[in-house]
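Right, one structure below, let's go through it.
The values are calculated or read from the model by the stated rules, or taken from the named source; none is laboratory data. For clarity, every value in this text was computed on a predicted model and none was experimentally measured. With ideal geometry, Cβ positions are generated from the backbone for all residues, glycine too; neighbour counts draw on all protein chains shown.
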Amino acid sequence: MLLLVLIPLAAALACLFLKGRGALEGVTIVAQGVFALWAALLAFEASNGAVYFGGDASAPLFYADALSAYILCVIAVLSFASGVYSVEYIRSEVARGALPAATAKYYYVFLNLFVFTMAVVPVCGNLALLWIAIEATTLVSALLVGIYRRAGSVEAAWKYIVLCTVGITFALMGTFILYYASSEAGSGSFEWSTLRQMAAGLNPATMRLAFLFVMIGYGTKAGLAPVHNWLPDAHSEAPTPVSALLSGVLLNCAFYGVIRVASIARVSCGPAFVQTVMISFGIISIMVAAVFMHVQRNAKRLLAYSSIEHMGIISTSFGAGGQFGVYAALLHVLNHAIAKPLMFFVTGRTYCRYHSVERGKVKGLIKALPLTAGLGFAGIFALAGAPPSGTFISEFLMLRALADGRHWAVLALFLIGGTIVFYALIRNFGSMFLGKEAELKPEPSNFKFTPWKPAGIVMLSFAVIILALGLHVPGRLDSLIRLSAGIVGQ
């Protein structure tokens, strides 16, 4: 099973030596497709017990339990979708001269390498490897953020590196403090399984400090306010398929580190402390995002702040805990990972047609691109948590968890923030989709977007999935989420 995470790495190395656009595209799509199928197989196997593929079972370097497999499946599905969408999008960017053909080659190299670094995160067997993997995602994805080599994209890439590296240094300190806590209780260890077994014997004061450092550190990478400042610039400057990966997958990889440590801290220092910290970060993120979404004119920056809001929802739901809270948070991970890339793909298509995603420059999209606008409306209502969508189900379950825990003030703040977010989404995207059709710039002749081409199929599929999850969660998926919730929620 270790070969699973090496598939994207092999694809990156192949793209480095291949010539010809078709070969680069083919290798990327085939590799990501095989990766997705293998991840599904691993999820099936991990649902029957943890899978070890590095070191021994007592101290594994790499292993996958139900939670690992669940996150890995999300990574694989989004990576495959972004790889497919990249073909037509990058062709369009090369055709209009925004991206040199030579640079497009390195786009595929970095894209596959980025997927590899993210794939390593959920299968790490200990804290030290996890920290290295998450730091590696920063370094590789920064190359994609700045790939256009414009002043704005280079600045965004540097800002991303600096802020996330500072943040992840806090996570490193939290990792060392957690190791020290385990040393106090017996023998020092970085292994998840060992730390979980000895969690009840860890010093509560030391563990509170460790969790705070980890929450701030990985929370920075996950886009939680008030340590979110890198995210809007990076998401808005990156190529659209990369923005989809940053928002739908990378943020979840960082938050994965938080919930692993939280599962230990819940036992060692009690659930109340972890609950307070996670809900505080979550509700602050929701309110900050709601305010900034209201004043955005650039669609990609608006979606970036929406990501901050949804990570706040996930953190709040995890913090609420209980029978519904952790399940709702994990379900929302998937719902957001489908709805947000769908909207980034919609804005990418809009950009290829209008050469802009500014609210004042895009009008009448529903007349110019009716399919794209229709899918956009589905994505908007999903991000707003409106029925029938998967996000409505997960947010409703979160509200149930908050009510069960009698967190009435938090529940009220979420409803206020959610109302502002709904208005911001409708106001901004509504003005772009409706109204008098704007004058269109010539579209590159080699990029004819149709529903039966790969990019259109991906967008249609995502819209169907997010709506279907609002009606029914399949039994196999429900079982995997329940097993994952049991790992981190006990």
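A few comments on the model shown:
- Among the residues listed as Ile426, Ile393, the single one being part of a helix (DSSP H, G or I), surrounded by fewer than 17 Cβ atoms within 10 Å (Cβ to Cβ) and in contact (Cβ under 8 Å) with a residue 24 or more places away in the chain: Ile426
- Residue list for the range 179-193, restricted to those being surrounded by 16 or more Cβ atoms within 10 Å (Cβ to Cβ) and assigned to a loop (DSSP other than H, G, I, E, B): Ser189, Phe190
- Per-region count, the range 342-371, residues assigned to a helix (DSSP H, G or I) and farther than 22 Å from Ala98 by Cα: 7
- Residues located in the range 132-146, provided they are buried (at least 24 other Cβ atoms within 10 Å of the Cβ) and over 16 Å from Ala234 (Cα atoms): Ile134
- Where Ile313 falls short, out of the listed (1) within 20 Å of Gly486 (Cα to Cα); (2) crowded, with 24+ Cβ neighbours inside 10 Å; (3) modelled with pLDDT under 90: (3)
- Test for Val84: is it of a type in the set (Val, Ile, Thr), touching a Pro at 6+ places or on another chain (Cβ under 7 Å), assigned to a helix (DSSP H, G or I) and modelled with pLDDT of 90 or more: yes
- Extreme residue, surrounded by the fewest Cβ atoms within 10 Å (Cβ to Cβ), among residues of the range 319-335 that are modelled with pLDDT under 90 and among the hydrophobic types (A, V, I, L, M, F, W, C): Phe324
- Pairs meeting the criteria (first residue in the range 196-225 and in contact (Cβ under 8 Å) with a residue 40 or more places away in the chain, second residue crowded, with 24+ Cβ neighbours inside 10 Å and among the polar types (S, T, N, Q), beta carbons under 6 Å, at least 6 apart or on different chains) are Ala199/Ser268; Leu202/Ser268; Pro204/Ser268; Met207/Ser268; Gly223/Ser307; Leu224/Ser285; Ala225/Ser285.
- Residue, surrounded by the fewest Cβ atoms within 10 Å (Cβ to Cβ), within the range 264-298, restricted to residues that are assigned to a helix (DSSP H, G or I) and touching a Lys or Arg at 6+ places or on another chain (Cβ under 7 Å): Phe273
- Within this structure, Gly22 fails the test of being part of a helix (DSSP H, G or I) and modelled with pLDDT of 85 or more.
- The listed residues are Arg149, Arg96, Arg196, and the only one of them that is at positive phi and either crowded, with 18+ Cβ neighbours inside 10 Å or touching a helix residue (DSSP H, G or I) at 6+ places or on another chain (Cβ under 9 Å) (or both) turns out to be Arg149.
- Within the range 448-476, residues that are modelled with pLDDT under 85 reach partners that are of a type in the set (D, E, K, R) with beta carbons closer than 6 Å, at six or more positions or on different chains, in the pairs Phe449/Arg349; Ala455/Glu88.
- Filtering Phe110, Phe176 for residues that are out of contact with any strand residue (DSSP E or B) (no Cβ under 6 Å at 6 or more places or on another chain), assigned to a helix (DSSP H, G or I), without any contact (Cβ under 8 Å) to a residue 60 or more places away in the chain and surrounded by fewer than 24 Cβ atoms within 10 Å (Cβ to Cβ) leaves a single hit, Phe176.
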